[in-house]
1. I want to check the label-to-label distance for Lys239 and Ile80. Put each point 7 Å from Cα in the C-beta direction and report it in nm to one decimal.
2. Note down the nm distance, to one decimal, between modelled labels 7 Å out along Cα→Cβ at Met22 and at His173.
3. In whole Hz, what ³J(HN,Hα) sequence does region 237-252 give by Karplus (6.51, -1.76, 1.60; θ = phi - 60°), x for Gly and Pro?
4. For region 3-281, rounded, prolate or oblate, judged on the Cα gyration tensor with a ≥ b ≥ c (square roots of eigenvalues), a/c < 1.5 rounded, else prolate if a/b > b/c?
5. Please turn the phi angles of region 79-84 into ³J(HN,Hα) values with the Karplus equation 6.51 cos²θ - 1.76 cosθ + 1.60 (θ = phi - 60°), one per residue in order, whole Hz, x for glycine and proline.
6. As a test of the formula, what do you get for the chain when each DSSP H run with n ≥ 4 contributes -39,500 (n - 2.57) and the sum is divided by the residue count, at 222 nm and rounded to the nearest 500 deg cm²/dmol?
7. For Val41, Val162, what's the fewest-to-most ordering of other Cβ within 10 Å of each Cβ?
8. Amide H to amide H under 5 Å from Ile169: which residues, 5+ apart in sequence or cross-chain, H placed 1.01 Å off N in plane?
Amino acid sequence: MNIVDTFCYNAIKTLFLFFGLMPESRRIACGNVLGRIWFAVDRRHREMALLNLHQAFGNEKSAPELRRLARRVFQNIAQIPFEIGWSYRLDAERYRKTFQISGLSHLKTAFDRGKGVLLLTAHSGNWELLPSVMQLAGYMSHVVYRPLNFKPADRYLYEYRVRFGVDMIPKKHSMRKIVRAIDRKECVGIVLDQNAGYTAGVFADFLGKPASTSMGLSLAALKYEAPVLPVFTYRENGKFHVEVGAEIPLIKTGDKERDIAANTQKYNKAIEAFVRRRPDQWFWVHNRFKDQPLP
């Protein structure tokens with residue numbers, strides 16, 4: 001890193017340290033205020049969230065209800081930096097006790113098959129907290145991620161993510177490392193709720209509309225027959241929760257192209273089921289439907 005990047009990194013580290021020293025009530029209040037301000041001034045992301053919410057709930061909720069829901073989404077996302085600063089100061093034992101985990105029996109059952117486990121997840125709740133929870137629950141964890149373009153912020157988040165032993169796998173050329181983790185009977189988390197483009201994705205329905213979705217999870221599951229479990233984190237009543245779902249049965253007919261599409265569709269439906277139950281906890285500001293099937 002050059003001098004400017006080092007300065008920016010130290011400034012980011014100091015800011016998050018300040019967040020971590022704030023009392024809980026003040027952190028929450030600041031996140032809520034910043035979320036409301038962000039919602040008011042950021043027209044592009046506000047309109048994207050409202051468009052996505054209308055796509056999903058337009059027949060169920062009124063325009064004022066959708067607007068209030070969108071505002072809560074911005075407020076929830078705005079809590080994340082404060083929660084990162086706070087949680088960075090926790091040791092492993094205090095960190096583990098912060099979470100209520102449900103469905104660990106599903107994870108144990110999957111590992112009892114003698115293979116690694118693929119964890120399907122999404123940008124829900126504070127997704128930055130999830131990898132360390134799985135690691136501290138006793139399961140060696142790897143997470144596929146896309147490095148940030150802004151290197152000082154990427155360095156800080158990388159250090160935050162790996163501090164309890166989680167292995168971060170850069171998305172580009174990630175398959176070899178995923179395979180090694182599966183061979184070692186470990187778990188790999190893959191985020192599957194962002195637009196994948198035309199070349200790396202397959203179109204599968206999500207919230208009633210075609211969504212380009214990465215084929216990576218389906219390819220790994222089909223080739224190595226590792227079980228796939230949905231895992232999501234969310235906030236409720238001031239508590240952090242991690243929800244581990246039952247294994248998603250693998251469709252494997254021998255027709256590779258159709259099997260990829262069919263399994264990817266099931267993965268999208270698992271994410272959609274969570275999003276519909278807890279709509280304020282998902283990342284609606286992303287242009288999930290940016291690419292659409294060609295006519």
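1. Modelled inter-label distance: 2.4 nm.
2. Roughly 4.0 nm, to one decimal.
3. Rounded to whole hertz, the list is 6, x, 10, 9, 10, 10, 10, 9, x, 5, 4, 8, x, 7, 9, 9.
4. Oblate, since a/c reaches 1.5 and b/c is not below a/b.
5. 6, 4, x, 5, 6, 5
6. -16000 deg cm²/dmol
7. The most exposed by this proxy come first: Val41, Val162.
8. Distant-sequence amide H within range of Ile169: Val143, Val144, Tyr145.
Taken together, the values in this text are just the output of simple stated rules run on the coordinates, not laboratory data. All values derive from a computational prediction rather than experimental measurement. Virtual Cβ from ideal backbone geometry, glycine too; neighbours counted across all protein chains shown.
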